[in-house]
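*Asks:* For reference, the structure I am asking about is given below.
The values are calculated or read from the model by the stated rules, or taken from the named source; none is laboratory data. All of these numbers come straight from a predicted model, not from anything done at the bench. Glycine gets a Cβ as well: all are built from the backbone with ideal geometry, and neighbour counts include every protein chain shown.
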Amino acid sequence: MAAVVGFLRRVQGGNVDTVRRRRRLPRPRLFRDRLNPLDLRTDDELFERYRFRRPTIMFIYDTIQDRITHPTKRSLALPAMIQLLVFLRFVATGAFHQLVGDAIHISKATAGRCIRRVASAIANVAGRFIRFPSGQDATNVKRMFHAIAGFPGVLGCVDGTFIRIQTPTENEPDYVNRKGYHSLNVMMTCDANFMVTNCVAKWPGSCHDSRVFRESVLCQQFENGQHNGILLGDSGYPCRTYLMTPYNNTNDVRYRERYNSALCRTRVLIEQTYGILKRRFPCLSIALRTSPERACQYVITCVVLHNIGILRQDIVSLDPRDLIIAGPDVDEINHGNNNGFGYRELIARQCFDY
């Protein structure tokens with residue numbers, strides 16, 4: 001020890017205290033008071049900040065509690081409820097992790113881990129809340145769709161939407177959509193209650209809607225006759241016996257015009273569904289600042305939460321003035337080898353020729 005002190009004195013001119021002061025001391029631990037917002041906010045205040053009211057938050061918590069609770073031997077683990085609220089704050093604002101963490105007095109890194117852990121837990125239970133109708137449910141869905149504009153046998157409305165993401169580091173050109181920004185092309189189907197019954201979130205923005213549908217499991221199920229009904233789509237999709245699209249030119253034939261009108265009035269529900277979804281979760285309309293793979297998981301998670309909100313009647317609004325309807329996002333192409341034109345004409349004549 002004396003030799004070390006002597007060396008330090010020779011190097012620093014004998015000032016050992018100066019050397020000690022220059023040593024980097026560890027930062028003292030900072031203990032923050034992490035209060036549970038459920039104990040401090042009313043239902044309306046919770047809804048404004050987390051997009052759900054107290055009973056729905058508790059339902060989500062009970063659903064994923066076992067998946068996000070993790071033991072630790074170092075100190076007290078972050079409670080599962082706080083982790084859930086961090087994630088809900090993120091999807092409700094689309095803010096940076098730093099800002100999300102500051103709201104509940106946790107670090108940026110901890111907020112990021114919470115968001116990823118909760119998103120994974122919710123995505124793992126997606127099969128419980130995103131289900132295409134079958135059996136008696138399918139019959140009820142057809143009845144509700146028919147009540148809108150008289151279109152028969154409709155099981156769902158299908159469309160794609162762009163979800164903006166940050167510039168990816170790999171295969172960057174594939175994610176540039178026709179509007180000129182980086183995005184995912186997400187396909188969804190909905191029922192007459194704005195419930196999302198199918199969601200495909202894995203394709204880059206440059207892919208066309210028709211390809212996303214053609215490669216989907218739902219398309220294969222319809223091809224194999226597993227569903228007794230039809231889907232309604234816009235002109236970006238091919239006309240099939242199980243997928244009805246509008247006439248591009250009605251030639252002033254009245255029943256074709258009525259067919260187009262009924263299809264438009266019914267298919268607008270998928271546009272309204274996107275409006276409700278993106279209004280509740282602004283992160284989907286602002287941008288997801290993460291990798292495409294994780295962005296896909298966040299989209300699925302938001303869809304699950306959207307369906308939970310509708311099932312529990314914890315909704316934003318169904319006032320038509322509040323629905324964000326951007327209009328059909330159609331890139332019309334000339335589909336070859338279509339086999340649905342005759343069936344479309346049959347439906348138009350039988351149901352709308354009056």
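*Asks:* Do we find a residue being touching a His at 6+ places or on another chain (Cβ under 6 Å) and modelled with pLDDT under 95 anywhere in segment 214-237?
*Replies:* no
*Asks:* Within segment 134-193, restricting attention to residues that are assigned to a helix (DSSP H, G or I), closer than 29 Å to Val91 by Cα and touching a residue at least 24 places away in the same chain (Cβ under 8 Å), which residue is nearest to the chain's Cα centre (by Cα)?
*Replies:* Tyr175
*Asks:* Being touching a strand residue (DSSP E or B) at 6+ places or on another chain (Cβ under 6 Å) and more than 30 Å from Ile230 (Cβ to Cβ) narrows it down to one of Arg67, Arg89, Arg164, so name that one.
*Replies:* Matching residue, one of Arg67, Arg89, Arg164: Arg164.
*Asks:* Where in segment 46-130 are there helices (runs of 4 or more DSSP H), lying wholly inside it, with at least 3 residues that are basic (Lys, Arg) and either touching a Phe, Trp or Tyr at 6+ places or on another chain (Cβ under 8 Å) or over 26 Å from Cys190 (Cβ atoms) (or both)?
*Replies:* The helices (runs of 4 or more DSSP H) meeting that bar are 108-123.
*Asks:* Let me ask something else. Of the residues Val154, Val118, only one is touching a Leu at 6+ places or on another chain (Cβ under 9 Å) and outside the structural domain of Arg267 (by TED's automatic domain parsing); which?
*Replies:* Val118
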